[in-house]
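Read the figures in this text as sums done on the coordinates, not as results from a lab. Just so it is clear, the structure is predicted and the values come from calculations on it, not from any experiment. FYI the Cβ positions are ideal-geometry reconstructions off the backbone, even for glycines, and counts take in every protein chain you see.
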Amino acid sequence: MAQDKKQVEQITDMETDFAKWYTDVCTKAELIDYSSVKGLFILRPYGYALWENIQKELDARFKEDGHENVYLPMLIPESLLQKEKDHVKGFAPECAWVTHGGNEKLEERLCIRPTSETLFCEHYANIIHSWRDLPKLYNQWCSVLRWEKTSRPFLRHREFLWQEGHTMHATAEEAIAETRQQLEVYADFCEKILAMPVVRGVKTDKEKFSGAEDTYTIECMMHDRKALQSGTSHYFGDGFARAFDITFTDKENKQAYPHQTSWGLSTRIIGGIIMTHGDNSGLVLPPRIAPTQVMVIPVAQHKEGVLEAADALRARLAVAGVRVKMDSSEQSPGWKFAEHEMKGVPLRIELGPKDIENKQCVIVRRDNREKIFVSLDEVETKVATLLNEIHDALYDKALKNLNDNTYACTSLEEVKEKMEACGGFAKTMWCGDLQCELRMKEEAGVSSRCIPFQQEHLGDTCAICGKPAKKMIYWGVAY
RNA sequence: CGGGGUGUGGCGAAGCUUGGUAUCGCGCUUGGUUCGGGACCAAGAGGCCCCGGGUUCGAAUCCCGGCACUCCGACCA
């Protein structure tokens with residue numbers, strides 16, 4: 001009987017079916033629910049709490065660097081969207097349109113924003129006149145809509161939450177520095193807060209954002225060795241400024257076009273967290289982002305004094321600044337252990353009559369299930385230490401996955417072999433030609449992930465065509 | 001968008017071939033006993049059988065058309 005129950009509740013093993021494992025975790029850990037419209041998902045409290053913590057961390061970092069939050073409309077007139085030709089070519093196929101207001105057909109249809117470059121440009125044209133108005137460092141938290149053909153929880157929604165930074169600068173140098181700086185903010189956030197190691201680099205022309213001069217990216221490796229583009233930062237030069245007629249008078253009293261950037265990170269990163277750290281028992285949350293860092297579980301809670309002692313422990317940890325909860329529901333302890341493991345709570349503390357007698361508690365780590373007996377006097381410091389240790393352990397494990405599954409290859413055949421055998425990333429030298437990039441996709445089934453900032457010299461010739469190589473580049477299968 | 005799979009109380013499934021008004025496990029409610037790895041007993045509640053048409057005296061079941069989820073591919077600015 002107990003066996004049956006376990007099977008019903010169980011999450012599909014990731015070795016059996018990684019995709020099923022992923023959706024099981026999303027739904028069973030109560031992060032997400034499906035809605036009646038394809039590709040539009042409900043973020044449940046636990047999933048939204050994750051996003052709120054992500055927002056809090058990033059927002060603080062943005063503001064430290066002088067960025068300000070704004071909110072622009074969600075509808076874009078078609079004519080506005082069409083002002084920059086590369087941009088519209090990229091986005092128009094995925095736009096959803098508002099064609100009616102009430103029963104009246106609109107004169108001009110309105111696109112539900114797939115991204116807000118055009119809206120920001122329209123606004124910037126109105127408010128930027130002098131070099132004194134620059135830089136403009138704006139950020140927006142909002143949702144955008146892209147009519148994707150297939151959708152998956154967090155990884156590909158038609159409507160998703162994100163932040164989009166849009167900045168304007170007097171010089172190209174300044175704008176490029178901003179682009180790089182914001183990518184580094186994302187990279188640092190992934191590594192220090194989400195325990196996700198990243199590869200920083202530049203996208204090829206083929207993979208860059210419509211209308212951008214350069215697209216910078218951070219690429220993460222998931223547990224199934226596929227790549228997830230986890231954040232991007234674009235340098236636009238003055239292309240949009242010209243298209244939207246944004247000009248300012250510079251210090252020499254000359255008319256000039258400002259240089260622009262945009263950068264974004266979305267709820268997709270939650271999918272990244274799940275697929276980087278999760279295991280067959282469910283979610284494993286990095287401590288610094290976990291909505292609940294510690295779950296206190298009273299054992300034999302009906303017995304005199306147990307609940308009170310457990311709640312006192314919870315209160316102490318809360319005072320110490322830990323995000324802590326107590327589960328005093330009428331479930332058995334074993335049920336609670338399994339439940340909170342599935343939801344990825346980094347630490348649980350068991351407190352029962354025996355512990356109270358011995359003035360101790362039992363702390364169990366989610367990541368390795370280690371049980372630690374801790375004197376009640378030392379709980380605060382021990383919890384703080386353990387949370388940091390878990391973060392480091394998660395990071396190291398993810399880094400090992402990244403390193404162990406990144407292969408230096410010298411020929412297309414070798415890439416093909418490696419990718420078929422093991423998946424992961426291949427790094428090769430590359431001549432820079434689109435033809436070689438297309439051939440790699442065609443023959444080895446991988447797309448270019450990025451040209452890393454941190455270059456390695458793997459040889460002198462392109463692994464695909466044999467001509468002189470310009471750069472070392474990463475390849476992989478991407479989400 | 002192409003190919004496959006699925007859709008039955010909250011969840012997982014059986015029933016469909018061969019039409020007769022729905023079954024099981026889990027969960028849920030109430031009461032009681034339990035409580036250190038998904039406890040047990042008893043009594044209950046809960047179903048537009050994905051949606052819309054059609055065939056039929058009668059459809060979860062047969063036929064047609066949608067929709068959603070899912071996997072594989074293409075696409076993903």
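Using label points projected 7 Å from each Cα along Cα→Cβ, tell me how many nm separate A:THR12 and A:ALA172, to one decimal.
In this crude label model, A:THR12 to A:ALA172 measures out at 5.0 nm.
Looking at segment A:359-448, which GluC sites (Glu not before Pro) are DSSP coil and have at most 16 other C-beta atoms within 10 Å of their C-beta?
Details: sites: A:GLU370, A:GLU378, A:GLU380, A:GLU389, A:GLU413, A:GLU414, A:GLU417, A:GLU420, A:GLU437, A:GLU442, A:GLU443; in loops: A:GLU370.
Of the GluC sites (Glu not before Pro), the ones in loops of segment A:359-448 whose Cβ has at most 16 other Cβ atoms within 10 Å are A:GLU370.
Per DSSP H run of at least 4 residues, take -39500 (n - 2.57); add these up for chain A, divide by its residues and hand me the 222 nm value, nearest 500 deg cm²/dmol. Walk me through the numbers before you get to the answer.
On the way: 15 runs with 174 residues, N = 479.
After summing the helix terms and dividing by the residues of chain A, the value is -11000 deg cm²/dmol.
Filter the trypsin sites (Lys or Arg not before Pro) in segment A:367-401 down to the DSSP loop ones having no more than 14 other Cβ atoms within 10 Å, then list what survives.
On the way: sites: A:ARG369, A:LYS371, A:LYS382, A:LYS397, A:LYS400; in loops: A:ARG369.
Of the trypsin sites (Lys or Arg not before Pro), the ones in loops of segment A:367-401 whose Cβ has at most 14 other Cβ atoms within 10 Å are A:ARG369.
Once you have the Cα-Cα distance between A:GLU30 and A:LYS467, take 0.36 nm times their residue separation minus that, and quote the gain in nm to one decimal. Write out the running numbers ahead of the final one.
On the way: separation 437, 0.36 × 437 = 157.32 nm, distance 5.20 nm.
My answer for the length gained is 152.1 nm.
State the extension gain, in nm to one decimal, for the chain segment bounded by A:ASN253 and A:GLU78, taking 0.36 nm per residue of separation less the distance between their alpha-carbons.
On the way: separation 175, 0.36 × 175 = 63.00 nm, distance 3.47 nm.
Taking A:ASN253 through A:GLU78 to full extension adds about 59.5 nm, to one decimal.
In debye, nearest 20: dipole of chain A around its Cα centre with unit charges on the Cβ of K, R (+) and D, E (-)? Kindly include the intermediate steps, with their values, before the conclusion.
Values: 61 positive and 73 negative charges, 92 e Å.
Magnitude of the dipole: close to 440 debye.
Starting from the Cα-Cα distance between A:SER332 and A:ARG156, subtract it from 0.36 nm times their residue separation and give me the gain in nm to one decimal. Don't jump to the answer; show the numbers that get you there.
On the way: separation 176, 0.36 × 176 = 63.36 nm, distance 3.73 nm.
Working it through step by step, the gained length comes to 59.6 nm.
If the only charges are +1 at each Lys and Arg Cβ and -1 at each Asp and Glu Cβ, what is the size of the charge dipole of segment A:233-286 around the Cα centre, to the nearest 20 debye? Please report the intermediate quantities before stating the final value.
Details: 4 positive and 5 negative charges, 5 e Å.
Here the size comes out at about 20 debye.
PRE reach from A:ARG439 (point 7 Å along Cα→Cβ): which of segment A:447-462 fall under 18 Å by backbone N?
Flagged as within label range: A:447-449, A:459-462.
Need one number: nm distance between label points at A:ASN280 and A:GLU380, each 7 Å from Cα along Cα→Cβ, rounded to one decimal.
Between A:ASN280 and A:GLU380, the simple spin-label model gives 4.1 nm.
Taking a ≥ b ≥ c as the square roots of the eigenvalues of the Cα gyration tensor of segment A:170-317, is the shape rounded (a/c under 1.5), prolate (a/b larger than b/c) or oblate? Spell out each step's value before the answer.
Details: a/c = 4.55, a/b = 2.39, b/c = 1.90.
Judged from the Cα gyration tensor, segment A:170-317 comes out prolate (a/c at least 1.5, a/b above b/c).
Which percent, to the nearest 5, of DSSP beta bridges fully inside segment A:257-404 are antiparallel? Please report the intermediate quantities before stating the final value.
Numbers: 10 of 18 bridges.
That works out to approximately 55 percent antiparallel.
Quick one, can you get me the convex hull of the C-alpha atoms of segment A:43-176 expressed as volume per residue in Å³?
Working: hull volume 20.2 nm³, N = 134.
Value for segment A:43-176: 150 Å³ per residue.
Which of rounded, prolate or oblate describes segment A:254-322 when judged by the alpha-carbon gyration tensor and an a/c cut-off of 1.5?
Values: a/c = 6.91, a/b = 2.38, b/c = 2.90.
Oblate is the answer for segment A:254-322, as a/c is 1.5 or above yet b/c matches or exceeds a/b.
For a Förster distance of 51 Å, can you work out the FRET efficiency between the beta-carbons of A:ARG109 and A:LEU307, rounded to the nearest 0.05? The partial results should precede the final answer.
On the way: r = 60 Å, r/R0 = 1.18.
With R0 = 51 Å, the Cβ-Cβ based efficiency is 0.25.
To the nearest 0.05, how large is the calculated FRET efficiency for A:GLU184 and A:LYS354 if R₀ is 60 Å and r is the Cβ-Cβ distance? Don't skip to the end; give the middle numbers.
Working: r = 50 Å, r/R0 = 0.83.
So the FRET efficiency works out to roughly 0.75.
How far is it, in nm, from the label point at A:LYS192 to the one at A:VAL98 when both lie 7 Å from their Cα along the line to the Cβ?
4.0
Checking the a/c ratio against 1.5 first, then a/b against b/c, what shape does the Cα gyration tensor give for chain A? Mind showing how you got there, number by number?
Values: a/c = 1.93, a/b = 1.54, b/c = 1.26.
Taking the square roots of the gyration eigenvalues as a ≥ b ≥ c, chain A is prolate.
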